[in-house]
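Since the structure comes first, as structure tokens, the remarks are kept for the end.
Laboratory data are not the source of any read-out in this text; all were calculated from the coordinates shown. Treat the numbers as computed from the prediction; the structure is a model and nothing was measured. Cβ placement follows ideal geometry from the backbone for every residue including glycine, while neighbour counts extend to all protein chains displayed.
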Amino acid sequence: MEHFSADYGAVDQYLLDLFVSEGEALRQARLSSAQTRMPHAEIAPNQGAFLALLVEMMGAKRILEFGTLAGYSTIWLARAAGTEGRVTTLELHEEVTALAKENIAAAGLSERVRHITGPAQQSAQALIDSGEPPFDFVFVDADKPKNRSYLELSLQLCRPGSVIVLDNVVRGGAVIQPSGDGSAARGVQESLAFAAAHPGIHATALQTVGLKGWDGFALLRVTDPWAKMSGQE
Ligand code: DHB
Ligand code: MG
């Protein structure tokens, strides 16, 4: 095989030029995330297109998102879900929800998106407690130290056949060398270990390179959300 320099960003740009035409609303949402406390944490455009394809392929109509940020991924998900689709998106900060609402309105998608602001664990628990019907598709892209908890809560909001995607599972390789308890990489590691060990989840994870550097995502298919982990009552 010929050897080429590893210019991941340039190759991503080539793929984006081929496959992804964002349009103004998505472009504006992506750029505006620079105003949040997590600048550039939004997914790459071709990752957005990938999530959209997953949603379309499974015909997902009820979507849950952990981590709205500026609403960039929310717009991809809401578009892919179609006119009958609904995205419930969880975000910690009021001002970030406000920004996302503007971006989602500019995309003409406000009617498809429900925003819940506050700590996502509490928001998800409130959905569970209120008997929320199951979601078809869950995208977990929020505070990494809480990743395992987000995944466990997601399961309680899933049905057999639901799909869960976890973003940022490689983190430049940090996932295999977490810096300590409570670190982002440790949180990711805990969520991957949970997914791998859960008898009601079929999962894999892939590394990615590109505009976002070296990272990856995990793809989970829920076969039995109520299956007990071994050692559990
Ligand atoms: C971080 C979080 C993200 O969701 C992301 O896509 C990139 C980085 C972070 O916590 O630094
Ligand atoms: Mg992310």
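The table below lists the values:
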| item | result |
| --- | --- |
| Enclosed volume per residue, in Å³, of the convex hull spanned by Cα atoms of region 97-184 | 136 |
| Taking the convex hull of Cα positions in region 42-102, its mean projected area over all directions (nm²) | 3.8 |
| Modelled FRET efficiency - R0 25 Å, Gln35 with Gln13, Cβ distances, 0.05 increments | 0.60 |
| Spacing of the two label points (7 Å from each Cα toward its C-beta) at Asp224 and Ala98, in nm | 4.8 |
| Reachable lysines, given that their alpha-carbon falls under 28 Å from the alpha-carbon of Lys228 and they are not under 8 places away in the same chain | Lys61, Lys144, Lys146 |
| Structure-based [θ]222 nm, the chain - -39500 (n - 2.57) summed over DSSP H runs of at least 4, per residue, nearest 500 | -12000 deg cm²/dmol |
| Built amide H within the under 5 Å cut-off of Phe135, gap 5+ | Cys158, Arg159 |
| Peptide ranges 85-93, 101-109 listed from the most packed, as the mean C-beta count within 10 angstrom indicates | 85-93, 101-109 |
| Charge dipole (the chain, unit charges on Cβ, about Cα centre) - positive-most of Val140, Met229, Ile75 | Met229 |
